[in-house]
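Worksheet for the structure shown next.
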Amino acid sequence: HKAGGAEKQLTDPPMDYSKEDHPILTKSGEGADLQIRKYKVVDELHRGRFSTVGRCVRADDHRIFAAKVLITENRKEEVKLELDMLRSLRHQRLGLLHEAYQLGECVVLIQELLSGSDILEYLSQRNEYSEQIVAVLITQMLDGLGYLQWKGICHLDLQPSNLVLTSTRFPSLKIVDFGSARKVEAAGTDVPVNGLTDYIAPEVLFDGKAYPNSDIWSLGVIIYVLLAGVSPFTGDTEEDLMANIQCVRYRFEWLPVTTTQEANRFLMLIFKRDPSKRPTVTECLEHRWLNETEFMVKKRERAPIISNKIRDYSQHYHKEQRRVVTNNKLLLSYAGLKQ
């Protein structure tokens, strides 16, 4: 989005693309124990199943970062995969890694600090928003996904908590948390099933296989949720949910009556059981719904969405997220995360 692009230039330092060719090295041993002390964690931002994220300040220049601490006990391979993935990723729509430390049973990732609001919290703070804001955020997301697809990578855990705003003032997001990300072949790659069922592509959920367009399914679920304030495949039970995903059963009547015809058609294009029949990132960006013509911008702006549904969905979603957070004492005490 042009306006968003202009704002980004004012807020982001230039991207250091040399990290793609010379990935960040992981510091370990006594030197790492000493160096990590230059960061003081001041509060906790987020807690997941196997990690916790704190806001930290670097002593020498008072710059603020996010410190993500991951436990490696019984998860060495998973943590290594996430670290290897992050070390060479450089794109303005992806959360960036600055430093990495191996400290005993923990790995500490020093990353750029974002606003802390995910995409649901950001939209919930408004009385209403428009399809135009949703289109801007989805275009930014596709920008990041295009880079990942170019590198042969699938994120495989695209859901609201992993789409974080860089600012509370204007819509500008980054994709974070590459714990489930994998290199994926065109013919399909075996992957573990991670994440929230509502957002998982059927080929991953039922066949344990990911394809280059598996992330596009999750993108479709996110679009639907942002427009309707409800998950497209939701059912009374987990079995209903899975059956709806398997059969690609969702309802247009849950979308607001103001939803544009182009948005409806875009969702129909994305929700295909066969990943090869879904649009690529480029095809998504070229779709009429995301056109930046004056006509389409005005049409999307005239499609208002009242925030009460997204607010209710956000509260329920975050409550579910908190149910599965870690209570690992080592993880919570590391690097001063629990004073």
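The values are calculated or read from the model by the stated rules, or taken from the named source; none is laboratory data. Note that this is a predicted model, so its numbers are computed, not measured. Cβ atoms come from the backbone with ideal geometry, glycine included; neighbour counts cover every protein chain shown.
Kindly indicate the residue of the range 50-85 that is of a type in the set (Lys, Arg) and in contact with a Gly (Cβ under 9 Å, 6 or more places away or on another chain) and also nearest to residue 166 (Cα to Cα) among those meeting that condition. Working first, answer last.
Going through the range 50-85, the residues of a type in the set (Lys, Arg) turn out to be 55, 58, 63, 68, 75-76, 80.
The next check asks that each one be in contact with a Gly (Cβ under 9 Å, 6 or more places away or on another chain); those that pass are 55, 68.
Numbers: 55: 14, 68: 17 Å.
This residue is 55.
Can you confirm whether residue 93 is among the basic types (Lys, Arg), touching a strand residue (DSSP E or B) at 6+ places or on another chain (Cβ under 8 Å), within 29 Å of residue 296 (Cα to Cα) and in the same structural domain as residue 33 (by TED's automatic domain parsing)?
Against the criterion (among the basic types (Lys, Arg), touching a strand residue (DSSP E or B) at 6+ places or on another chain (Cβ under 8 Å), within 29 Å of residue 296 (Cα to Cα) and in the same structural domain as residue 33 (by TED's automatic domain parsing)), residue 93 qualifies.
Only residues that are more than 23 Å from residue 64 (Cα to Cα) and in a loop (DSSP other than H, G, I, E, B): list them for the range 74-99, please.
Result: 74, 75.
Would you mind telling me which numbered condition in (1) modelled with pLDDT of 90 or more; (2) assigned to a helix (DSSP H, G or I) residue 65 fails?
Residue 65 satisfies all of (1) modelled with pLDDT of 90 or more; (2) assigned to a helix (DSSP H, G or I) except (2).
With the requirement that a residue be touching a residue at least 60 places away in the same chain (Cβ under 8 Å) and of a type in the set (D, E, K, R), what does the range 186-230 give you?
203, 215
Condition (residue is in the same structural domain as residue 180 (by TED's automatic domain parsing), more than 23 Å from residue 154 (Cβ to Cβ) and within 22 Å of the chain's Cα centre (by Cα)) applied to the range 209-222: is it met by at least one residue?
no
Looking at this structure, is residue 218 under 21 Å from residue 314 (Cα atoms), of a type in the set (S, T, N, Q) and surrounded by 14 or more Cβ atoms within 10 Å (Cβ to Cβ)?
yes
Within the set of pairs 6 or more residues apart or between chains, which connect a residue that is not assigned by TED's automatic domain parsing to the domain that holds residue 145 and surrounded by fewer than 17 Cβ atoms within 10 Å (Cβ to Cβ) inside the range 283-296 to a residue that is in a loop (DSSP other than H, G, I, E, B) and modelled with pLDDT of 95 or more with Cβ atoms less than 6 Å apart?
Filtered contacts from the range 283-296: no entries.
Please determine whether any residue of the range 125-136 is under 19 Å from the mean Cα position of the chain (by Cα), part of a helix (DSSP H, G or I), free of Cβ contacts under 8 Å to residues at least 12 places away in the same chain and surrounded by fewer than 21 Cβ atoms within 10 Å (Cβ to Cβ).
Among the residues of the range 125-136, not one is under 19 Å from the mean Cα position of the chain (by Cα), part of a helix (DSSP H, G or I), free of Cβ contacts under 8 Å to residues at least 12 places away in the same chain and surrounded by fewer than 21 Cβ atoms within 10 Å (Cβ to Cβ), which makes the answer no.
Here are some conditions: (1) under 26 Å from residue 192 (Cα atoms); (2) at pLDDT 85 or above; (3) of a type in the set (Phe, Trp, Tyr). Residue 50 meets all but one. Which one does it not meet?
That leaves (2) as the condition not met.
Need pairs with beta-carbon distance below 6 Å; first residue farther than 16 Å from residue 123 by Cβ and within the range 138-164, second surrounded by 19 or more Cβ atoms within 10 Å (Cβ to Cβ) and of a type in the set (S, T, N, Q); sequence gap 6+ or separate chains.
So the pair list comes out as 154/214; 156/180; 157/180; 158/218.
Of the residues 165, 120, 158, 137, which single one is at pLDDT 95 or above and touching a strand residue (DSSP E or B) at 6+ places or on another chain (Cβ under 7 Å)? If you could, list the steps in order and put the result at the bottom.
Values: 165 fails: at pLDDT 95 or above; 120 fails: touching a strand residue (DSSP E or B) at 6+ places or on another chain (Cβ under 7 Å); 158 fails: touching a strand residue (DSSP E or B) at 6+ places or on another chain (Cβ under 7 Å).
Residue meeting the stated conditions: 137.
For the condition of a type in the set (A, V, I, L, M, F, W, C) and crowded, with 18+ Cβ neighbours inside 10 Å, what is the one hit in 120, 103, 81?
After ruling out the rest, the residue left standing is 120.
Give me the residue from the range 197-216 that is touching a Ser or Thr at 6+ places or on another chain (Cβ under 9 Å) and assigned to a loop (DSSP other than H, G, I, E, B) and, out of that set, farthest from residue 246 (Cα to Cα).
Checked the range 197-216; the qualifying residue farthest from residue 246 (Cα to Cα) is 212.
Restricting the range 165-185 to residues that are in contact (Cβ under 8 Å) with a residue 60 or more places away in the chain and under 20 Å from residue 135 (Cβ atoms), which is farthest from the chain's Cα centre (by Cα)?
Residue satisfying both the conditions and the ranking: 170.
For the range 100-124, which residues satisfy the criterion of being within 28 Å of residue 297 (Cα to Cα), without any contact (Cβ under 8 Å) to a residue 60 or more places away in the chain and either small (Gly, Ala, Ser) or not in a helix (DSSP H, G or I) (or both)?
Answer for the range 100-124, where residues must be within 28 Å of residue 297 (Cα to Cα), without any contact (Cβ under 8 Å) to a residue 60 or more places away in the chain and either small (Gly, Ala, Ser) or not in a helix (DSSP H, G or I) (or both): 115, 117, 118.
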